[in-house]
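Okay, structure first, notes after.
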Amino acid sequence: MEDIISLAKRRGFVYPASEIYGGLSNAWDYGPLGTILKNNIKNEFIRFFTILRDDIVLLDSAIIQNPLVWKASGHIEHFTDPLTDCLSCKKRYRADQLIEDTLSTNVEGLSTEDMTKIIEENNIKCPECGGKLTKVSFFNLMFVTHIGPIEDVTNIAFLRPETAQGIFTNFLNITKSTRVNLPFGVLQIGKAFRNEITAGNFIFRTLEFEQMEIEYFVDPKDSDKAFEELFEYNSRWYDHIGIKKENIKYVELSDTERAHYSKKTIDIYFKFPFGFKELQSFANRSDYDLRKHSEYSSKDLVIFDEKSKKNIYPYVIEPSIGLDRLFLALLINGFCIEDVSGEERIVLKLSHRISPYQVAIFPLVGKGESLNLSRRIYDDLKLKFRCIYDMGGSIGKRYRRQDEIGTPKCITIDPKSLEDNMVTIRDRDTMKQDRVKIDKLSEYLNQCFI
Ligand code: ATP
């Protein structure tokens, strides 16, 4: 993890937020390369789930909604985490995580009394100082704000803790303004905010983060089949962006572990350096949300089903993933330290589908015709691929820089290129070099980036 955090800062992926003021717990900023990587992940996610299929549409709803949304969804009452404090050093912990880390048991769904009992019976103490822990109590994770100049209960508002509810509240708008029919999905990517109190393990758990959520609406009688199909497609997403199979684990939640309205939930875990932890949750949320919003808004959130000629409340299958957590998973998944003839080589093996750059172009000579040729190649390739032009330092240093930021192909233009119209292309992972004709470069790269 130290290596990843250091690489992320050194190369401009992620910086500590407000660092010049001492930082802020669980808050991070994305640097120039991190911003590109994040955008690439989002764009590829949208391409994979909307363009490569025909049944999912997009939405971008507001972060601050009418507070009734959160009452209907149950967030005001139930969106809580169990807390326990150390009586000696006053450090605060999430009781569920503490129990999970100490005993390797999942306590999802247990009451505060049960968690207190587990802590007492197993003699779990403060990991920091060994002090006694308080009884477990719940606290709400939503950030509260006020609309307008006066802060009172009448103008309270919440920063959304998830993007999903904006999809449910727009259900009628979407079904009426587009030609969707069951089954169909709505995909939304956007910021969510949670008042997290535990140390975050870099960007794994942060106060604000981006979620990529899909609500896939289906006829209730088809929901088991739709779950399986979408789950299978969703698993392909991980292959698509190069996540290694051995880094992923699927954990189906038992009846007592999953939310009361969920018919089935599978959590997708990734092997982080601090253990296998949730990366994505994948649930059949039944018609719970649409019915709750119908009840609170007095609008029937139903769709007319052409087949049965009836209005129905669809069930919803929800894959929900944190973009920042996926970003971290991709850094970990791709990070390698190799030994090359006794020298250390740090490589970030990112898929070409998401790497900040796909091609780096290195002119070997900094002047004259060779430089003009390099510029021409760069100007042409940047219209088709994500390219970077780098003329700083020795060729070895340039390779090292690009290896560390995950650029799959580096092209070197040398004085000989002027004579034979060929350039050298070096592969990041194998370090093999090919000599390729300049007029065949696009074709060659297209083959590499299928
Ligand atoms: P956790 O148990 O880790 O707190 P959760 O079960 O509360 O997560 P969900 O509400 O299911 O998470 O949210 C869906 C996804 O959003 C998670 O799988 C995770 O990838 C991401 N996520 C949730 N909370 C955070 C956070 N504080 N920081 C970054 N990503 C988060």
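The values are calculated or read from the model by the stated rules, or taken from the named source; none is laboratory data. Values in this document were obtained by computation on a predicted structure and should not be read as measured data. Cβ atoms come from the backbone with ideal geometry, glycine included; neighbour counts cover every protein chain shown. Keep in mind that these areas ignore ligands, DNA and RNA; they rest on the heavy atoms of the full protein, side chains included. Shrake-Rupley method; radii C 1.70, N 1.55, O 1.52, S 1.80 Å.
Anything in segment 258-286 that is within 14 Å of the ligand (Cβ to nearest atom), of a type in the set (Ser, Thr, Tyr) and at pLDDT 95 or above? List them, or say none.
265, 269, 281
For the list (1) more than 23 Å from residue 349 (Cα to Cα); (2) not in a loop (DSSP other than H, G, I, E, B), I need the number of the one condition that residue 404 fails.
So residue 404 meets the others, but not (1).
Looking at residue 265, is it β-branched (Val, Ile, Thr) and touching a residue at least 60 places away in the same chain (Cβ under 8 Å)?
So residue 265 does not fit the description; no.
Does segment 220-231 include one or more residues that are within 16 Å of the ligand (Cβ to nearest atom), in a strand (DSSP E or B) and at pLDDT 95 or above?
The answer is no, given that none of the residues of segment 220-231 is within 16 Å of the ligand (Cβ to nearest atom), in a strand (DSSP E or B) and at pLDDT 95 or above.
Taking the criterion of being more than 20 Å from residue 74 (Cα to Cα), away from the ligand (no atom under 14 Å from the Cβ) and part of a strand (DSSP E or B), would at least one residue in segment 170-177 satisfy it? First the steps, then the outcome.
Narrowing segment 170-177 to residues more than 20 Å from residue 74 (Cα to Cα): 172-177.
This time we only want the ones that are away from the ligand (no atom under 14 Å from the Cβ), so: 172-177.
Still in the running and part of a strand (DSSP E or B): none.
No.
Hey, can you tell me all the residues within segment 104-127 that are at pLDDT 90 or above and surrounded by fewer than 16 Cβ atoms within 10 Å (Cβ to Cβ)?
Result: 113, 114, 117, 120, 121, 122, 123, 127.
Can you name the residue in segment 287-317 that is within 16 Å of the ligand (Cβ to nearest atom) and of a type outside the set (Val, Ile, Thr) and is also most open to solvent (accessible area, probe 1.4 Å) among such residues?
That would be 288.
Hey, which of the strands (runs of 3 or more DSSP E) in segment 1-105, taking only ones fully inside, have at least 1 residues that are in contact (Cβ under 8 Å) with a residue 40 or more places away in the chain and over 30 Å from residue 347 (Cα atoms)?
Answer list for segment 1-105: 56-59, 80-85, 92-94.
Let me confirm something: among 92, 47, 11, which residue is under 24 Å from residue 356 (Cα atoms), open to solvent by 50 Å² or more (accessible area, probe 1.4 Å) and in contact with an Asp or Glu (Cβ under 6 Å, 6 or more places away or on another chain)? Before the answer, list the steps.
Values: 92 fails: under 24 Å from residue 356 (Cα atoms); 47 fails: in contact with an Asp or Glu (Cβ under 6 Å, 6 or more places away or on another chain).
The match here is 11.
Considering only segment 245-332, give the strands (runs of 3 or more DSSP E) lying wholly within it that have at least 2 residues that are of a type in the set (Lys, Arg).
Numbers: elements: 248-252, 264-272, 275-284, 303-305, 310-312, 315-322.
Those strands (runs of 3 or more DSSP E) span 264-272.
Restricting the search to segment 365-394, which residues are closer than 19 Å to residue 444 by Cβ and open to solvent by 60 Å² or more (accessible area, probe 1.4 Å)?
376, 379, 380, 382, 383, 384, 386
Any chance segment 185-194 includes a residue that's part of a loop (DSSP other than H, G, I, E, B), within 13 Å of the ligand (Cβ to nearest atom), open to solvent by 20 Å² or more (accessible area, probe 1.4 Å) and touching a strand residue (DSSP E or B) at 6+ places or on another chain (Cβ under 9 Å)?
yes
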